[in-house]
Amino acid sequence: MKTADRIINRKNLDITERFFRRMSFLREISPEMKNAFLSEKAVLLRRAAQITAEIQQGERKGYKEVLDLSSGDLHSGGIKPITFVRQVLAACFYPALLQDDSLPLDVTQRAKRLLNECAGGSVGSYTDSSGIAKIKHCVSKFISRRDGGVPSSPENIFLTSGSQRALMIILKLLVQNEDSCQTGVLIPVPSYSSFNMAVVSQGLAMLPYRFCEEQGWTLQVEELRRALGEGKRTCNPMALYICNPGNPTGHVQSRESIEEVIEFAAEEKLLLLVDEVYQNCIYGEGPEYYSYKKVLSEMGSTISSAVEMASFNSASKGFMGECGLRGGYMELVNFDPAVMDYIHKLFNTESCTVVAGQIALDLMADPPKPGDPSFPIFSEVDITILF
């Protein structure tokens with residue numbers, strides 16, 4: 001065989017090997033990811049993008065634009081960002097602005113304090129995997145203030161790139177090995193589609209429970225028992241996901257309802273995953289908002305010290321509306337120290353949370369107060385729930 005032919009054959013063999021290596025990789029993709037489904041929302045968003053592109057290309061339709069009402073993205077809906085938030089962010093990302101006398105004093109003071117917590121005084125530096133310590137303290141104080149003095153420890157606070165990321169990390173803890181019974185998570189219907197996809201992608205089983213629409217989307221323990229009983233036939237139920245205030249239903253659980261759910265979780269030894277990102281989105285007359293942690297703390301030591309709970313909040317919702325900054329946190333309650341070690345390990349496998357998101361959480365947890373230079377403008381936002 002000529003040398004040139006050997007080179008060509010070797011080249012073809014290399015291409016073939018690379019091809020089969022790729023095919024082998026495709027075959028080895030986890031079945032959990034293969035089972036992950038594309039939500040109806042994602043399908044609609046794709047179609048909306050196609051229609052928008054067609055309009056931009058001059059195609060005539062019976063309308064001029066497509067309005068996206070599929071998410072709580074305030075800024076994409078035309079709501080202006082909060083001046084104080086953007087001023088602090090701007091000063092942190094471009095510290096030369098700290099010499100600008102046009103910025104209010106509380107803005108420059110906050111920006112300097114935040115920069116002092118960053119390595120090298122720069123938001124471009126890595127932070128601790130669970131978040132900047134001072135911001136965790138700030139979030140902890142916010143939680144305690146919200147709950148009327150119920151203690152909150154910064155050691156139990158984890159800052160994440162959005163609350164969804166925190167939920168994903170906790171779900172990883174629930175995944176069993178291949179020889180074990182599949183883990184199940186009780187999930188409300190209707191609920192936030194992205195969380196459902198996250199559950200499936202982790203190889204967990206969704207155990208749906210339904211609200212009572214006729215009674216204002218109330219959550220009834222009898223329905224939880226039904227869902228749990230059915231789930232036990234095929235999997236090992238370990239967690240109960242709650243969204244309060246509800247998305248997309250908008251319901252707010254009463255204190256009595258929360259107590260019933262907590263008692264149910266205690267009885268069945270279920271981990272409570274409580275999504276509370278809409279806690280600052282309650283308007284008009286209706287039920288008062290109670291955090292699950294506050295109610296849990298007042299239920300007696302037998303339950304209050306036993307029920308394990310992870311609660312989540314975000315700078316994407318509420319008065320902030322900073323969806324793109326990716327700032328969320330979770331607080332863990334009653335977790336065993338050994339389990340906490342594993343959670344820290346999970347966080348250490350990833351890089352730190354986006355610093356802009358951490359700053360947003362600090363501003364959400366400690367906004368301008370009466371007497372601060374920025375308060376008059378800030379008070380134009382509906383923030384009555386904060387004070």
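Every number here is computed from the coordinates shown, using simple stated rules; none is lab data. Treat the numbers as computed from the prediction; the structure is a model and nothing was measured. Cβ: placed from backbone, ideal geometry, glycine included. Neighbour counts: every protein chain shown.
Annotation for the range 81-111 versus the range 231-253: alpha-carbon center distance of 41 Å.
Checking the Cα-Cα distances for K141/K345; K232/K269; K80/K141; K80/K317 against a 22 Å cut-off, the pairs over it are K141/K345; K80/K141. Might you report the magnitude of the Cβ-based charge dipole of the chain about its Cα centre, with Lys and Arg at +1 and Asp and Glu at -1, to the nearest 20 debye? Its charge dipole is roughly 1740 debye.
A simple packing score, the average count of other Cβ atoms within 10 Å per residue, orders the peptides 53-63, 335-345 as 335-345, 53-63, with the highest score first. Considering only V252, V43, V200, the mean-square fluctuation computed in a Gaussian network model of the chain, springs between alpha carbons under 10 angstrom, is largest for V43.
Adding -39500 (n - 2.57) for every DSSP H run of four residues or longer, then dividing by how many residues the chain holds, sets the calculated 222 nm ellipticity at -13000 deg cm²/dmol.
Put simply, when 163-169, 360-366, 149-155 are sorted by average Cβ atoms within 10 angstrom per residue, most first, you get 360-366, 163-169, 149-155.
Looking at the chain, what % of its DSSP beta bridges pair antiparallel, to the nearest 5?
35 percent
Working ranking of peptides 283-289, 316-322 by packing, defined as the average number of other Cβ atoms within 10 Å per residue, highest first, is 316-322, 283-289. For the range 52-172, the average shadow cast by the Cα convex hull is 12.8 nm², which is a quarter of the hull's surface. Springs between Cα atoms under 10 Å define the GNM used for the chain, and in it the highest mean-square fluctuation of C281, C181, C138 occurs at C181. Ellipsoid fit via the Cα gyration tensor, the range 182-308: semi-axes of 22, 18, 13 Å, each the root of five times an eigenvalue, largest first.
Would the range 256-387 count as rounded, prolate or oblate if I go by the C-alpha gyration tensor, calling it rounded below 1.5 in a/c and otherwise prolate when a/b exceeds b/c, oblate otherwise?
oblate
The convex hull drawn around the Cα atoms of the range 130-386, when projected onto a plane and averaged over every direction, covers 14.2 nm². Residue order for T234, T160, T183, fewest other beta carbons within 10 angstrom first, comes to T234, T183, T160. Only Cα pairs under 8 Å and 6+ residues apart enter the sum, and on that basis the relative contact order of the range 130-386 stands at 23 percent.
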